[in-house]
Amino acid sequence: MSPSTLETQGRLVESARGEPSFRAGSQARAKEGPRSARSPSDGLDPTASSAPMKTLLITLAATLSLVGARAVHARELFVSPDGNDAHSGSRFHPLATLEIARDRLRSESLSRPGVRHTVIIRAGDHVRTQTLELDARDSGLTLRGESGARILGARRLTGWTPSRDPRLPEAARGQVREVSLAGLPEAMKPLQRRGFGVAPAPASPELFVSGRPQTLARWPNGDSWSRLASAADGRFGVSVDAARLARWATAAEPWVHGYWTYDWADSHERVRAIDTASQTLVTEAPHGVYGYKAGQRFYALNLVEELDAPGEYWIDSKAAKLLAWLPDSGETLVSTLETPFVQVRGASDVRIERLAFAASRGDGIRVEVGERVVIAGCTFRGLGQSGIVIEGGRDHRVVSCDLFDLGESGVMVSGGDRKTLEPARHTVENCDIHHHGRLCRTYRPAIGIQGVGNRALHNRLHDAPHNASLMGGNDHVVEFNEIFRVCTQTGDAGAVYMGRDLTMRGTVLRHNHFHDIGPTIQSKEGFVDVMAIYLDDCFCGTEIVGNVFERAGRAAMIGGGRDNTLRGNLFIDCHPAIHVDARGTGWASFWFNGKDPFLMQGLQAVPYDRPPYATRYPHLATVLEDEPAKAKYNRIEHNVIVGRGKPIDWLDGLNETTVTVTGNTVVTEGAAVGL
């Protein structure tokens, strides 16, 4: 993979205010409106007094002199793959490592506090074996990549030879090659259990060819699945050819990955034993999250016995070698770094710009607490975990980044105080995020938002097995995003998902475009629809305003909650456009009758009946005295619904007398009908 293939898709331009702005991918970005005509009072009218102009010139001169004075003291250090840490760090005598550059600039900052320094990362591959750690001492630092700079968490593999491993399938012999991993213990780490309900952890080492992640040898091949023939406690039956199952029984370490019970929960499980007589696989505890269920999907993996297609590989940790059916002659890498490339903890005004981060086992960048950290114009690809994780702090921004081929999530943001409703004001803007959830398929969104007062706007989120956005907390804004081709492997799923809380209110979803979203799996039992916006399990107080839903499945679901508003949206060919139910009075009554305390515990976790909650969300303060199980105060107003799909799917006895429905228009067969 040439460095140029990892450049950000967009081209950076400097905006008038000095802030980098980008145009990423093919996403149409918001454009600045026309400037208003100048008036005589703006100081540019020749008949006006010259005093304002003199004041302006004096201010500009003073500002420029200060900027010039600061620039004299600010330093730029250069880091290059062929640099030397004994060098001065100039453009022509660059350093070799980011840590030495950081430490030198820390020393500079001690004598000249407040000066903002820059590290320029030269073109080429910068192979990382540890995390670059930044803290409060590095406040004001900028890390900026030159075109072609690539930060790698992997080692290049050379010396491939034909493999004669006798365990290979007959069809693969002569096609598979192998390479030694001797001296690279970090490239031979074992697989770990991962998936729904499992805490994120570094991925096992992966093979990359020409920049693309390859497939750990599996059956069935590609994106196909097999089905559980039967299920019991800790084991399940399979319908597999006897000879194939016999080969699995002698395999070094077989694993299975599946949607074991529900089509919204997947996990990887290690196989402990295989009974060939009964065609049964026995797994290690805890045996999935909800056990096993006959008819559900799975595939087997980590089997050299199934290495039978281009793009598949297997790591033999005992023999310290990697076997692969290489799809082309491009660059081959094995991921090794299991910690983030960069960790920023407690720093302010740090900028990370125009860098490509590729092929690692962990996260890309982690930001903890601090203020005003900006990650702009970067590419994150081929990571084992998430691209960017922000926890705590205030006013952090992710701007114009491209993130794809990720094992878990794109950008995860949390911050703000749910007790006081103080916002964090973190922002994810103008990013293109796709093909995430490679390893953990469920609840690993393109953008995850938690806490209070965070924003996602002008992003393009697409091509993923489950959520585009997963949210919890209060007062978030999600606007002007394009979201499509998500939830492609899952059922009972939402492109934008929030659920199971009475107090997480105040979020606004507006002016987004949802399209080409819908169910992709079929089931004779269970609910497998896909929603564009899914307010699940009594989620409340959300505004859905001015969105376009085009071929967006069961487009907007109010799943038993209260105080939700759908206003001014356009629905085109959705089935149905709107779903409203009152599950708290029916199958989900256990949350309100004392049998399951989950919702009530969430209510007591915040001061729901006192300010600021009581003033910001008036109906919440008296919810327990106001028939809490009922879906009250929902509004459906001034929407336009086009197409033959059902306009509103009413459930649990709800109708126009229990939900406020005003000013809506249905257009079908060329006629407009008011609801």
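The values are calculated or read from the model by the stated rules, or taken from the named source; none is laboratory data. All values reported here derive from a predicted model rather than from experimental measurement. Note: ideal-geometry Cβ built from the backbone for every residue, glycine included; neighbour counts use all protein chains shown. When the accessible area is computed, the model is the full protein with side chains, heavy atoms only, and any ligands, DNA or RNA have been set aside. Shrake-Rupley method; radii C 1.70, N 1.55, O 1.52, S 1.80 Å.
Is it true that some residue in segment 301-315 is surrounded by fewer than 20 Cβ atoms within 10 Å (Cβ to Cβ) and hydroxyl-bearing (Ser, Thr, Tyr)?
So far as segment 301-315 goes, no, none of its residues is surrounded by fewer than 20 Cβ atoms within 10 Å (Cβ to Cβ) and hydroxyl-bearing (Ser, Thr, Tyr).
Can residue 557 be described as closer than 25 Å to residue 421 by Cβ, open to solvent by less than 10 Å² (accessible area, probe 1.4 Å) and modelled with pLDDT of 95 or more?
On the way: closer than 25 Å to residue 421 by Cβ: no; open to solvent by less than 10 Å² (accessible area, probe 1.4 Å): yes; modelled with pLDDT of 95 or more: yes.
Against the criterion (closer than 25 Å to residue 421 by Cβ, open to solvent by less than 10 Å² (accessible area, probe 1.4 Å) and modelled with pLDDT of 95 or more), residue 557 does not qualify.
With a cut-off of at least 1 residues that are under 27 Å from residue 494 (Cβ atoms), name the strands (runs of 3 or more DSSP E) lying wholly within segment 172-288.
It comes to 226-232, 255-259, 267-275.
Would you call residue 485 surrounded by fewer than 21 Cβ atoms within 10 Å (Cβ to Cβ), within 20 Å of residue 435 (Cβ to Cβ) and out of contact with any Leu (no Cβ under 8 Å at 6 or more places or on another chain)? So that I can check it myself, show each step before the final result.
Numbers: surrounded by fewer than 21 Cβ atoms within 10 Å (Cβ to Cβ): yes; within 20 Å of residue 435 (Cβ to Cβ): yes; out of contact with any Leu (no Cβ under 8 Å at 6 or more places or on another chain): yes.
Yes; evaluated as a whole, the condition is true for this residue.
So for segment 509-529 (the condition being farther than 22 Å from residue 566 by Cα, over 18 Å from the mean Cα position of the chain (by Cα) and aromatic (Phe, Trp, Tyr)), does at least one residue qualify?
There is at least one residue in segment 509-529 that is farther than 22 Å from residue 566 by Cα, over 18 Å from the mean Cα position of the chain (by Cα) and aromatic (Phe, Trp, Tyr).
If residue 544 satisfies every condition in (1) open to solvent by 10 Å² or more (accessible area, probe 1.4 Å); (2) of a type outside the set (Gly, Ala, Ser); (3) over 14 Å from residue 501 (Cβ atoms); (4) within 24 Å of the chain's Cα centre (by Cα) but one, which is the exception?
(1) is the only condition that residue 544 fails.
Identify, from the list 400, 386, the residue that is touching a Phe, Trp or Tyr at 6+ places or on another chain (Cβ under 6 Å) and polar (S, T, N, Q). Explain how you work it out, then say what you get.
Working: 386 fails: touching a Phe, Trp or Tyr at 6+ places or on another chain (Cβ under 6 Å).
Of 400, 386, the one residue that is touching a Phe, Trp or Tyr at 6+ places or on another chain (Cβ under 6 Å) and polar (S, T, N, Q) is 400.
To keep it simple, each residue is scored yes or no on (1) in a helix (DSSP H, G or I); (2) in contact with a Ser or Thr (Cβ under 8 Å, 6 or more places away or on another chain).
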position: 601; (1), (2): yes, no
position: 608; (1), (2): no, yes
position: 619; (1), (2): yes, no
position: 624; (1), (2): yes, no
position: 627; (1), (2): no, no
position: 636; (1), (2): no, yes
position: 654; (1), (2): no, no
position: 658; (1), (2): no, no
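Is it the case that residue 620 is among the hydrophobic types (A, V, I, L, M, F, W, C), closer than 17 Å to residue 536 by Cβ and buried (at least 18 other Cβ atoms within 10 Å of the Cβ)?
No.
Taking the criterion of being modelled with pLDDT of 95 or more and open to solvent by 60 Å² or more (accessible area, probe 1.4 Å), would at least one residue in segment 52-75 satisfy it? Reasoning before the result, please.
Within segment 52-75, the subset modelled with pLDDT of 95 or more is none.
Scanning segment 52-75 turns up no residue that is modelled with pLDDT of 95 or more and open to solvent by 60 Å² or more (accessible area, probe 1.4 Å).
Residues are listed down the side, and each one gets a yes or a no for (1) touching a strand residue (DSSP E or B) at 6+ places or on another chain (Cβ under 8 Å); (2) open to solvent by less than 20 Å² (accessible area, probe 1.4 Å):
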site	(1), (2)
239	yes, no
243	no, no
250	no, no
262	no, no
267	yes, yes
272	yes, no
279	yes, no
284	yes, no
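How many of the residues making up segment 574-605 are in contact (Cβ under 8 Å) with a residue 40 or more places away in the chain and of a type in the set (D, E, K, R)?
Here the count works out to 2.
Filter segment 76-123 down to residues that are more than 20 Å from residue 135 (Cβ to Cβ), under 31 Å from the mean Cα position of the chain (by Cα) and surrounded by fewer than 17 Cβ atoms within 10 Å (Cβ to Cβ), then give me how many there are.
The qualifying residues number 2.
Take the residues of segment 456-481 that are in contact with a strand residue (DSSP E or B) (Cβ under 6 Å, 6 or more places away or on another chain) and of a type in the set (A, V, I, L, M): which is surrounded by the most Cβ atoms within 10 Å (Cβ to Cβ)?
468
Which residue pairs have Cβ atoms under 9 Å apart, sit 6 or more places apart or on different chains, and have a first residue in segment 478-497 that is over 20 Å from residue 450 (Cα atoms) and among the basic types (Lys, Arg) and a second that is open to solvent by 10 Å² or more (accessible area, probe 1.4 Å) and in a loop (DSSP other than H, G, I, E, B)?
Note: pairs meeting the criteria are 485/463; 485/516.
Residues that are polar (S, T, N, Q): find the strands (runs of 3 or more DSSP E) completely inside segment 96-144 holding 1 or more of those.
Per the criteria, 118-121.
Is it the case, given these coordinates, that residue 503 is of a type in the set (S, T, N, Q) and either touching a Phe, Trp or Tyr at 6+ places or on another chain (Cβ under 9 Å) or outside any loop (DSSP other than H, G, I, E, B) (or both)? First the steps, then the outcome.
Details: of a type in the set (S, T, N, Q): yes; either touching a Phe, Trp or Tyr at 6+ places or on another chain (Cβ under 9 Å) or outside any loop (DSSP other than H, G, I, E, B) (or both): yes.
When the stated conditions are applied, residue 503 passes them.
Could you list, in sequence order, the residues of segment 403-455 that are hydroxyl-bearing (Ser, Thr, Tyr) and either crowded, with 22+ Cβ neighbours inside 10 Å or assigned to a loop (DSSP other than H, G, I, E, B) (or both)?
409, 420, 442, 443
Tally up the residues in segment 346-388 that are open to solvent by less than 10 Å² (accessible area, probe 1.4 Å) and acidic (Asp, Glu), please.
Qualifying residue count for the region: 1.
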